[in-house]
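Everything below concerns the one structure shown next.
The values are calculated or read from the model by the stated rules, or taken from the named source; none is laboratory data. Just so it is clear, the structure is predicted and the values come from calculations on it, not from any experiment. Every residue, glycine as well, gets a Cβ built from its backbone with ideal geometry; the counts of neighbours run over all protein chains shown. Quick note on the areas: whole protein, heavy atoms, side chains included, nothing else; ligands and nucleic acids left out. Shrake-Rupley method; radii C 1.70, N 1.55, O 1.52, S 1.80 Å.
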Amino acid sequence: MVLANRITTMQESVTLASGARAKALKDEGRDILNLTLGQPDFQTPQLIKEKAIEAIANDQVSFYTPASGLPELKDAIATYMKTFYGYEVTRDQILAATGAKFVLYAYFMTVLNPGDEVIIPTPYWVSYADQVKLAEGTPVFVETSEETRFKATVSQLEAARTEKTKVFLLNSPSNPTGMVYTNEELLAIGDWALEHDILILSDDIYGRLVYNDNTFVPISSLSEALRQQTMVVNGVAKTYSMTGWRVGFAVGDPELIAGMSKMLSQTTSNLTTVAQYAAIEALAGDQTAAEEMRRAFEERLNTIYPLLAAVPGFEVIKPEGAFYLFPNVKKAMEMKGFEDVTDFTNDILEKAGVALVTGAGFGMPYSLRMSYATDLETLKAAISRLQDYMAS
Ligand code: PMP
Ligand code: GLU
C-alpha cells in the first residue's frame, strides 16, 4: 500500500502516542504511573453533564447544527469573552468546532498559501508544526531557552521574519513550559506584528489555568488594533475537564471566521450537537467547579515542584500556568549515559515505571515533559521513583 506523502512525512502526535503506550502497558498489568497526557483527571462538572442529559431528554440533539455551531453556543462564547477577555464580540466573529486542535487546523487551512511562513517559538506544542505543513505552510522555529524563561523576544522574531511571514503563533500559558507572557512582552510583540502586518494566532487554551499570583493577559485584549490582528483559539477541554467532549472555538475577524466555517462545512459538518449544549453551560454557567479544579492544580504544582527540582540532574523553572513541568535533563542524561532524550524517556518508563513525554516532540533535545493533571499521590510516587532511578 502506498500512502500519501503528507501522511508518510507526518509525525504522529507524540503526546497521544506516549499516552496510548502507557495505557497499553498498564492494561497489560504493568505498574506504570502515567504522567503523559495533558488531560485533567477530574470528571466533567455535574452541572455541565446535567445540561447535556437534559438536551438529550428534550430532543435537542438528534440533528445537525450550523457548521460553525449553534447560535446559542456562539452567544455563550460571547458571554465568556466579555467575562474573561473584557470585550464584546458578535456571532459572525465566532465559530465552534471539534476541539481546539481542529480549530487550529481550520485556521491554518484558511490562511496559508503554499510557502507562507508561521513563526513558532520552540519549545512548541507537538501538533502545530505538522498542522502547518498539512496546510502547505512552512513552520519557522524561534528557539527559546531558560534565559528568557522560554519566551520569544521581538529581536528573535524580527530575525526570523521574511517576506513570507504570515502568522506568529503565541501560546501563553505555554504547553509544555507553563510560562506566561507579561503585558509588556505582549505589547512589544503586538507592536512588531502590527508594524509588519503579521497575523497573530493566540492559543489561549490554558488561559484560565494560572497559579500563584500570575495572571493571564490575552494579547487580543490589549488594544483594538491587536484584537483585529488576532485569532483567539480556546476551548473547554482543560478549564472544565472536558477533553472527551471535543469542543474548541475561535474568535476573530469575520472574514476569516467565514473561511474557516466553509472548511468546517466540507469536513466535520458540525461539532457534536450534544457537546455544544454541554459547552454552553460550561462557558456561560457557574464557574465554581472550574475554579476548584484550578486550585487543585495549583496545590499539586506547589507540592511537587520542589520535589522534582531536587531530583539529581533535573533542572526546572517553576511554571506559572498550564499543568506541565518541563525539566532540562541534560545532566541527568549524562549521569545515566544517554545522548538521546527519547531513549532516556523510554528507559525511565522501562526501569522506573514512570511514563513521561520526550522533549523531542516539542523541539527540545534535552527536556522531557511531566503532566501534573493527575492526583498528588501518583505525582509524589512518580517523583520518588525518579529519585530512586537516578540514584541507582
Ligand atoms: N493547544 C494546546 C497548547 C494544547 O495543549 C491542546 C491539547 N489538547 C490543544 C490546543 C487542543 O485542545 P483540544 O483538546 O480542545 O483539541
Ligand atoms: N494537549 C494535550 C497534551 O499536550 C493532549 C494531547 C494532545 O492533544 O496533544 O498532552
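What Kirkwood Rh does the stretch 97-213 have if only Cα atoms enter the pairwise 1/r average? Answer in Å. Every distinct Cα pair counted, the radius reaches 14.5 Å. When the C-alpha to C-alpha distance is required to be over 23 Å, the pairs from Lys51/Lys238; Lys26/Lys336; Lys238/Lys318; Lys101/Lys331; Lys133/Lys262 that qualify are Lys26/Lys336; Lys101/Lys331.
Computed on the chain, the Cα convex hull volume stands at 153 Å³ per residue. Of all aspartates and glutamates in the structure, the ones whose alpha carbon falls short of 15 Å from that of Lys74, not counting any fewer than 8 places away in one chain, are Glu88, Asp92, Asp253, Glu281.
Distance from the Cα centroid of the stretch 100-126 to that of the stretch 237-281 is 17 Å (rounded to whole angstrom). Seen through its C-alpha gyration tensor, with square-root eigenvalues sorted a ≥ b ≥ c, the stretch 262-381 comes out oblate because a/c lies at 1.5 or above while a/b is not bigger than b/c. For Leu95, what is the net charge nearby, where nearby means another residue's Cβ is under 11 Å from its Cβ and Lys, Arg count +1, Asp, Glu -1? Neighbour charge sum, excluding Leu95 itself: +2. Which of the three applies to the stretch 52-118, rounded, prolate or oblate, going by the alpha-carbon gyration tensor with a ≥ b ≥ c and a/c under 1.5 meaning rounded? Oblate is the answer for the stretch 52-118, as a/c is 1.5 or above yet b/c matches or exceeds a/b. Looking at the stretch 31-177, what % of its DSSP beta bridges pair antiparallel, to the nearest 5? Here the share of antiparallel DSSP bridges comes out near 0 percent. Partner aspartates and glutamates whose Cα lies under 14 Å from the Cα of Lys166, excluding those fewer than 8 positions away in the same chain, are identified as Asp116, Glu117, Glu136, Glu158, Glu195, Asp197. Straight-distance candidates among the aspartates and glutamates for linking to Lys330, with alpha-carbon spacing under 20 Å and chain neighbours fewer than 8 residues away dropped: Glu143, Glu146, Glu147, Glu315, Glu339, Asp340, Asp343, Asp347, Glu350, Asp388. Expressed as a whole percent, the accessible surface of the stretch 82-219 that belongs to carbon and sulfur atoms is 48, based on a 1.4 Å probe.
Applying the criteria of a DSSP loop state and at most 14 other Cβ atoms within 10 Å to the trypsin sites (Lys or Arg not before Pro) of the stretch 244-344 yields no site.
The C-alpha atoms of the chain define a longest principal axis, and helix 273-284 lies at about 80 degrees to it. The packing ranking of peptides 149-159, 58-68, highest mean first, is 149-159, 58-68, where packing means the average number of other beta carbon atoms within 10 angstrom of each residue. Taking a point 7 Å from the Cα of Gln46 along the Cα-to-Cβ direction, the residues of the stretch 233-251 with backbone N closer than 19 Å to it are 240-242. Let me check I've understood the local charge: for Val167, count other residues with C-beta under 9 angstrom from its C-beta, Lys and Arg +1, Asp and Glu -1. What total comes out? Net of charged neighbours comes to -1. To the nearest ten degrees, helix 14-27 and the longest principal axis of the Cα atoms of the chain are 60 degrees apart.
Mark the label point 7 Å from the Cα of Asp388 along Cα→Cβ and return the residues of the stretch 339-363 whose backbone N is within less than 16 Å of it. Flagged as within label range: 348-355. Projected label points at Glu28 and Lys331, each 7 Å from Cα along the beta carbon direction, are separated by 3.4 nanometres. Between Asp191 and Glu147, the C-beta separation translates, for a Förster distance of 30 Å, into a calculated FRET efficiency of about 0.85. Which of rounded, prolate, oblate describes the stretch 117-173, given a ≥ b ≥ c as roots of the alpha-carbon gyration tensor eigenvalues and a/c under 1.5 marking rounded, otherwise prolate only if a/b is larger than b/c? Verdict is oblate for the stretch 117-173. Which GluC sites (Glu not before Pro) from the stretch 310-392 combine a DSSP loop assignment with at most 12 other Cβ atoms within 10 Å? Taking the stretch 310-392 and a limit of 12 other Cβ atoms within 10 Å, the loop GluC sites (Glu not before Pro) found are Glu339. With the convex hull constructed from alpha-carbon coordinates only, the stretch 241-286 shows a mean projected area of 3.8 nm² over all directions. Other residues lying with their Cβ under 14 Å from the Cβ of Leu264 contribute a combined charge of +4, Lys and Arg counting +1, Asp and Glu -1.
Within the stretch 185-264, DSSP assigns beta bridges of which about 50% are antiparallel (rounded to the nearest 5).
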